[in-house]
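Enquirer: Quick one: structure below, then a few questions.
Coordinate-derived values only; no laboratory data. Note that this is a predicted model, so its numbers are computed, not measured. Cβ placement follows ideal geometry from the backbone for every residue including glycine, while neighbour counts extend to all protein chains displayed.
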Amino acid sequence: MISTTPLGQDDRASWERLFAGYNAFYGRTWPASRYEIAWREFQRDDRVHALGARLDGQLVGITHFLVHASTTSPDVCYLQDLFTDPDARGRGVARALIHSVREWARQQGCDRLYWHTRQDNHTARRLYDQITDNHDFIVYAVPLGGSDNAGAPVTGDASTREPDSQPF
Ligand SMILES: CC(C)(COP(=O)(O)OP(=O)(O)OC[C@H]1O[C@@H](n2cnc3c(N)ncnc32)[C@H](O)[C@@H]1OP(=O)(O)O)[C@@H](O)C(=O)NCCC(=O)NCCS
């Protein structure tokens, strides 16, 4: 039986393990200090929010999300991160997390919930395609130096630049 709840202090270590797994999936490694900053933000539950999924009492999935204004509708909810423990995959954990974020966003009065994924993330897309349609947008992102992850200034021929591993 899967349950989804906000994260509490007891989840700190498991959350970091899962978030580190998510970062590794995107080729990122973070120092411990950065996890601490993120954890404090999620515990504040003000600008960004987190939910965890439990299976038999173990934290096996996490999602991070936020609400932002829209120029064309009421506020919208952006689901930024989603990760499930490799040992718990294919059992509906991610589906349960998306469902809970959708309900949360609905209660906040959001107009819609949306997220991005890589074109070639076929595993994730098998799930997403069961939930909603993709809107066929592509994403451009310019690093601005505001984080450890930010790259060099964007110059030169775009075709020769390495893609940024930061999803958003
Ligand atoms: C994508 C991810 C979050 C899916 O998590 P999950 O808990 O396994 O997903 P669910 O069990 O809720 O998935 C349900 C559906 O997705 C599909 N699916 C997910 N994982 C699958 C797998 N390993 N093999 C086959 N189908 C799979 C199935 O269609 C399944 O539906 P069904 O059982 O009704 O057929 C997980 O694989 C993951 O963390 N991947 C690495 C990080 C990532 O890609 N995050 C998303 C970035 S946008």
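Enquirer: Looking at segment 95-110, which of its residues are touching a strand residue (DSSP E or B) at 6+ places or on another chain (Cβ under 7 Å) and either loosely packed, with under 11 Cβ neighbours inside 10 Å or part of a loop (DSSP other than H, G, I, E, B) (or both)?
Expert: Q108, C110
Enquirer: Inspect all residues belonging to segment 125-138 and state whether any of them is free of Cβ contacts under 8 Å to residues at least 60 places away in the same chain, within 12 Å of the ligand (Cβ to nearest atom), exposed (fewer than 14 other Cβ atoms within 10 Å of the Cβ) and of a type in the set (A, V, I, L, M, F, W, C).
Expert: The answer is yes; a qualifying residue exists.
Enquirer: Follow-up question, since we're still on this one. Got a number for residues in segment 95-124 being of a type in the set (D, E, K, R), out of contact with any Ser or Thr (no Cβ under 9 Å at 6 or more places or on another chain) and more than 9 Å from the ligand (Cβ to nearest atom)?
Expert: Count: 4.
Enquirer: Let me ask another. Give segment 111-135 a look and list any residue that's part of a helix (DSSP H, G or I) and touching a strand residue (DSSP E or B) at 6+ places or on another chain (Cβ under 8 Å), or say none.
Expert: A124
Enquirer: On to the next question. Of everything in segment 67-94 that's assigned to a strand (DSSP E or B) and near the ligand (Cβ under 8 Å from one of its atoms), which residue is nearest to the chain's Cα centre (by Cα)?
Expert: Only one residue fits best here, namely D81.
Enquirer: Just the residues that are acidic (D, E) and either surrounded by fewer than 12 Cβ atoms within 10 Å (Cβ to Cβ) or under 21 Å from W15 (Cβ atoms) (or both), please, taken from segment 111-124.
Expert: D120
Enquirer: Looking only at residues in segment 1-25 that are among the polar types (S, T, N, Q) and not in a strand (DSSP E or B), which one is surrounded by the fewest Cβ atoms within 10 Å (Cβ to Cβ)?
Expert: Here the residue is Q9.
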